[in-house]
Amino acid sequence: MAAPECIPAQDAQLQLWHEALSPAEAQQYFQHLLADTPWKQDRIRMFGKRVAIPRLQAWYGDEHCSYSYSGLQLAPLGWSPLLMQLKTRVETLSQQRFNSVLLNLYRTGKDSNGWHSDDEPELGDQPVIASLSLGGSRRFKLRHKFDPSISGINIQLNSGSLLVMSGHSQSHWQHCLPKTARPTEPRINLTFRNILHGPH
Ligand SMILES: O=C(O)CCC(=O)C(=O)O
Ligand SMILES: [Fe+2]
């Protein structure tokens, strides 16, 4: 099993497996997930208005894992055998356990994910987020929240790659997936998360 590339980032730990899945495996998983997922375009509250987010999503997890996200309360769908396979692969590589996963579908280069941190209280203090990419390749960006002298980071996330963000990567950094004007294949991203229970 290949070791990950460690991407240097102050206050954050970023590990990148370039081929967590082979290109052929990644393509197969992509096709199945694209066809079999009940994709929804959620709406969030922004500046008092309800706006549709620029991508489709689905939330899966253990029964008790409901998840709040920008004012949305999402009840989880139950794990499919295919998602369990992916979860096991990601857990083996990262040596971490996860109980939920958020799927994002970026249909074209116009779909995107704005600057944010995955720092909801139910994820705990220093959450580990494991991000698996399938389909079209897209650029992922990170920026430090407090120190403008620290350079931003750009990572090209190819099909089959796995990026694990840990340490202070959510408390000290934000990330986004910008729109692109280049011709772009549809992309599915899965962020595996561990929701904690009880008082946070
Ligand atoms: O699509 C990506 O690579 C990022 C997804 C993400 O940041 C999220 O779902 O929180
Ligand atoms: Fe995120």
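Quick notes on this structure:
- Any hit, the stretch 114-130, residues being of a type outside the set (Gly, Ala, Ser) and closer than 23 Å to ALA35 by Cβ: no
- Residues of the stretch 75-94 classified as open to solvent by less than 50 Å² (accessible area, probe 1.4 Å), hydrophobic (A, V, I, L, M, F, W, C) and either within 24 Å of GLN126 (Cβ to Cβ) or without any contact (Cβ under 8 Å) to a residue 12 or more places away in the chain (or both), total: 3
- Residue list for the stretch 148-166, restricted to those being crowded, with 17+ Cβ neighbours inside 10 Å and among the small types (Gly, Ala, Ser): SER159, GLY160, SER161, SER166
- Residues being among the hydrophobic types (A, V, I, L, M, F, W, C) and not in a loop (DSSP other than H, G, I, E, B) - total across the stretch 191-200: 1
- Candidate set from the stretch 116-129 (those that are within 14 Å of ligand 2 (Cβ to nearest atom) and not in a loop (DSSP other than H, G, I, E, B)); member that is surrounded by the fewest Cβ atoms within 10 Å (Cβ to Cβ): HIS116
- Filtered by the rule that a residue be under 16 Å from ILE188 (Cβ atoms), within 12 Å of ligand 2 (Cβ to nearest atom) and in contact (Cβ under 8 Å) with a residue 60 or more places away in the chain, the stretch 130-160 gives ALA130, SER131.
- Out of GLY78, GLY109, GLY114, GLY124, sole residue that is more than 30 Å from LYS49 (Cα to Cα) and of a type outside the set (Val, Ile, Thr): GLY78
- Taken across the stretch 95-104, residues that are open to solvent by 20 Å² or more (accessible area, probe 1.4 Å) and at pLDDT below 95 do not occur at all.
- Within the stretch 1-31, the residues that satisfy the criterion of being of a type in the set (Gly, Ala, Ser) and either over 16 Å from VAL90 (Cβ atoms) or touching a residue at least 24 places away in the same chain (Cβ under 8 Å) (or both) are ALA9, ALA12, ALA20, SER22, ALA24, ALA26.
- Qualifying residue in the stretch 109-123 (condition: among the polar types (S, T, N, Q) and more than 10 Å from ligand 1 (Cβ to nearest atom)): no
- Identity of the residue in the stretch 106-115, over 18 Å from VAL164 (Cα atoms) and outside any loop (DSSP other than H, G, I, E, B), that ends up farthest from ligand 2 (Cβ to nearest atom): TYR106
The values are calculated or read from the model by the stated rules, or taken from the named source; none is laboratory data. On a predicted model such as this, the values are computed, not experimentally measured, just so you know. So basically every Cβ, Gly included, is an ideal-geometry build from the backbone, and we count neighbours across all protein chains shown. Heads up: the accessible areas ignore ligands, DNA and RNA and are worked out on the full protein's heavy atoms, side chains in. Shrake-Rupley method; radii C 1.70, N 1.55, O 1.52, S 1.80 Å.
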